[in-house]
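Below is one structure; the comments refer to it alone.
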Amino acid sequence: MTAKVIDGKAFAATVRGKVAVHVSRLKADHNITPGLAVVLVGEDPASQVYVRSKGKMTLEVGMKSVEHKLDIETPEADLLALIEQLNNDPEIHGILVQLPLPKHLNEDLVINSISPAKDVDGFHISNVGLLSTGQKSMVPCTPLGCLMMLRDHHGSISGMNAVVIGRSNIVGKPMAQLLLNDSCTVTIAHSRTKDLPDVVRGADIVIAAVGRPEMVPGDWIKKGATVIDVGINRVEKPEGGTRLVGDVDYASCAEVAGAITPVPGGVGPMTIACLLANTVTACSRANGLVEPEGLTA
Ligand code: GUN
């Protein structure tokens, strides 16, 4: 069997197209422009690339984009004061503080100072609680993107066995929660899991989110399973230079899987598309208007 390749790049473009339609309706019918503020502390090169790309795509879908670039030594009180200002700004509907933060800043404190209604990352403790009790919340972007691809490919995923490898707060845990809310039977596997290959072999859906290059080989995959690869790892090529690989060994997994996401071009592009989706959702909710269809969990 050769797996169907799930084209995240094309799907993300479709999602952004839907966001753009909703943004133009908000503008034309209600004179409202959704606004997203991104806060970057320090000059981490990877974070700078993400933030630039977020800003560009925010403008492309017709939203207002605000970027706050702060010095790496910014005191916590100054960052909290900026977040408070953004919480109270009626033109800002989404706030994202780029992680990781420099060590002297308390990440939990900073994230929990964002108004839950504007927390487009879905990291605020209130949103985590709402998601885990099956209530309306802001949902973390990467797991939301994975869920959208699964629903698009399968229609319904109800009753399927899903194994999530990785237990991070950003991907693994919220992903498991979303799969459970869609009535999957969910296992969260991690570095201490016993017999990981056998656990993965029982899965109809495998979500790999561990950050270890090509860790999952094809002989762990059940024939016909759907493999969603969240990993983005840069590795050295034998002939020199580097390349991007996921957390699964693509070539061997693609031989047995029914469907698989590539790296790059799979989950990655969906993350920013879902950030834009969350921003337009937050804006609609803040104004008591109907939410965009197909862009929420
Ligand atoms: N850094 C890497 N991924 C993310 C993300 O999804 N949100 C934020 N805020 N920071 C990140």
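Listing for the model above:
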read-out	value
Additional length obtainable on full extension of the chain from ALA28 to ARG234, 0.36 nm per residue less Cα span	69.8 nm
Sites excluded, GluC sites (Glu not before Pro) in DSSP loops with at most 10 other C-beta within 10 Å, longest stretch of the chain	74-238
Cross-link pairs LYS173/LYS237; LYS194/LYS237; LYS4/LYS136; LYS4/LYS173; LYS56/LYS118 - those with Cα-Cα distance over 29 Å	LYS173/LYS237; LYS194/LYS237; LYS4/LYS136
Per residue, the convex hull volume that the Cα atoms of the stretch 193-295 enclose (Å³)	135
Residues with amide H under 5 Å from that of LYS4, placed H, sequence gap 5 or more	ALA259, ILE260
Trypsin sites (Lys or Arg not before Pro), loop per DSSP, at most 10 other Cβ atoms within 10 Å - longest free stretch of the chain	1-102
Selected from VAL210, VAL163, VAL245 as most flexible by GNM, with the chain as the system and alpha-carbon contacts under 10 Å	VAL245
Estimated FRET transfer efficiency (HIS104, LYS69; beta-carbon r; R0 30 Å; 0.05)	0.95
Shape parameters for the stretch 74-127, alpha-carbon atoms, Rg then Dmax in Å	10.5, 31
Amide hydrogen neighbours beyond the local backbone of VAL41, cut-off 5 Å, H modeled	LEU70, GLN98
Straight-distance crosslink candidates among lysines, where the alpha carbon sits under 19 Å from LYS103 and sequence neighbours closer than 8 are dropped	LYS69
Two-site FRET efficiency, ALA13 against LEU80, from Cβ-Cβ distance with R₀ of 51 Å, rounded to 0.05	0.90
In nm, spacing of pseudo-spin labels at LEU244 and GLU60 (7 Å Cα→C-beta vector)	1.3
Ellipsoid semi-axes in whole angstrom, largest first, where each is sqrt(5λ) of the Cα gyration tensor of the chain	32, 22, 18
Of all accessible heavy-atom area on the chain, the percent that carbon and sulfur account for (1.4 Å)	52
Estimated FRET transfer efficiency (THR133, MET1; beta-carbon r; R0 41 Å; 0.05)	0.60
1.4 Å probe accessible area per residue over the chain, in Å²	46
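The values are calculated or read from the model by the stated rules, or taken from the named source; none is laboratory data. Please read all numbers here as calculations on a predicted model, not as lab measurements. Glycine gets a Cβ as well: all are built from the backbone with ideal geometry, and neighbour counts include every protein chain shown. What goes into the accessible areas is simple: the full protein's heavy atoms, side chains included, and nothing from ligands, DNA or RNA. Shrake-Rupley method; radii C 1.70, N 1.55, O 1.52, S 1.80 Å.
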